[in-house]
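Participant: Following this message is one structure expressed as structure tokens.
No value in this document is a laboratory result; all are computed from the given coordinates. Just so it is clear, the structure is predicted and the values come from calculations on it, not from any experiment.
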Amino acid sequence: MTKKLEPVEPLPLEEGLLRVRAGNFILLSIGALDRQTGITEILAFCRSRENQDLVATGAWKQGQAEPIDHYYPVRIPIPASSPTVVWLLEKIVLQDGQGNRRTYTAGQDYDEFLFQVDGIDGVDCTPPRLLGIRVEPS
């Protein structure tokens, strides 16, 4: 059965989004389990909802902080260049001891997790714009 995905509207700040300052990090606890060879890596990918090219990635690897009740700490540094915008935990990748991987996607495999990033004043956060492409006569 396929789940119908609805367009997501930005949440107003009054709805209690977790807030993170640009240049800091968000610490997630991600639950995962592999009963045969164990979890060896967790990757978490976040992005700004307004600028698809503004991304942040966090990872947990075997040998780092031990999980608590199968919840692994994943630290995701947020770029200092982020403006004040809503971010999305876009996908999570789990890998086991045999190299088997699975990607979980927001809105399909788990409910969207949104958070507010508060930008730092005076940072240029606007990407360059492409004005056009010309072919010059030879």
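Participant: Among DSSP beta bridges lying fully in region 14-118, give the percent that are antiparallel, nearest 5.
Facilitator: 85 percent
Participant: Determine, at each q value in 0.10 (inverse angstroms), the log₁₀ of I(q)/I(0) that the Debye formula gives when each Cα of the chain is one equal point scatterer.
Facilitator: -0.43
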